[in-house]
Structures are given as structure tokens and as C-alpha cells.
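No value in this document is a laboratory result; all are computed from the given coordinates. Note that this is a predicted model, so its numbers are computed, not measured. Note: ideal-geometry Cβ built from the backbone for every residue, glycine included; neighbour counts use all protein chains shown.
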Amino acid sequence: MLAYLFETLGLNRAELRIRTVNTRSRAVTERLGFILEGIQRHAVLHDGTARDMACYRLLREEWETRNQ
């Protein structure tokens, strides 16, 4: 999917937002080379409760460097 985003669509940046408590998804994201940019506190409302989100990014140049 990242190849499609960067090579076919020509995007420069991919972003993911994952609930902070979802440690497995966050681990996969980090293994793919995404960088944690920060935590957005109370970013979403779910079942009447505000939830924190971890915000990750991967730039095309970072992805290209990893996949040479």
C-alpha cells in the first residue's frame, strides 16, 4: 500500500492515527518505519469517552531510503 501511495499517487506524506492503548497496531506502524509525531489528547469521542490518539507519519524520502 505504501508503494501505491508514494509511487503511483505521488503522495509525499502518509499519516496514521492510532489509539494510544492499541500497542500492537502501534508496534506494526513503527516496524514499517513510521515516526511518532505526538499524542493528541482527547482527539476522538468513542462511546461518550474522549480518547487519546498517537499520530505517526512517514515521508516519501524516508520510505525510499528504507526500500533501496
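Assorted remarks:
- The calculated pair-distance distribution of the chain uses every alpha carbon pair, bins of 5 angstrom beginning at 0, and gives 4, 17, 25, 20, 15, 11, 6, 3, 0, 0 percent.
- Within segment 2-66: Cβ-based charge dipole about Cα centre, in debye rounded to nearest 20 (Lys, Arg +1; Asp, Glu -1): 240 debye
- Under the Karplus curve 6.51 cos²θ - 1.76 cosθ + 1.60, θ = phi - 60°, whole-Hz ³J(HN,Hα) for segment 28-38, x wherever Gly or Pro sits: 4, 4, 5, 5, 6, x, 5, 10, 6, 8, x
- Summed residue charge, Cβ within 15 Å of V21's Cβ, Lys/Arg positive, Asp/Glu negative: +4
- Efficiency of FRET from Cβ geometry, M1 and D47, R₀ 35 Å, rounded to 0.05: 0.75
- Summing +1 for each Lys or Arg and -1 for each Asp or Glu among the other residues whose beta-carbon sits under 13 angstrom from that of N12 gives -2.
- Between I39 and R57, the distance separating the two model label sites (each 7 Å from Cα on the Cα→Cβ line) works out to 2.0 nm.
- Here the Karplus curve 6.51 cos²θ - 1.76 cosθ + 1.60, taken at θ = phi - 60°, turns the phi angles of segment 55-62 into couplings of 10, 10, 9, 9, 8, 4, 4, 5 Hz, with x standing for Gly and Pro.
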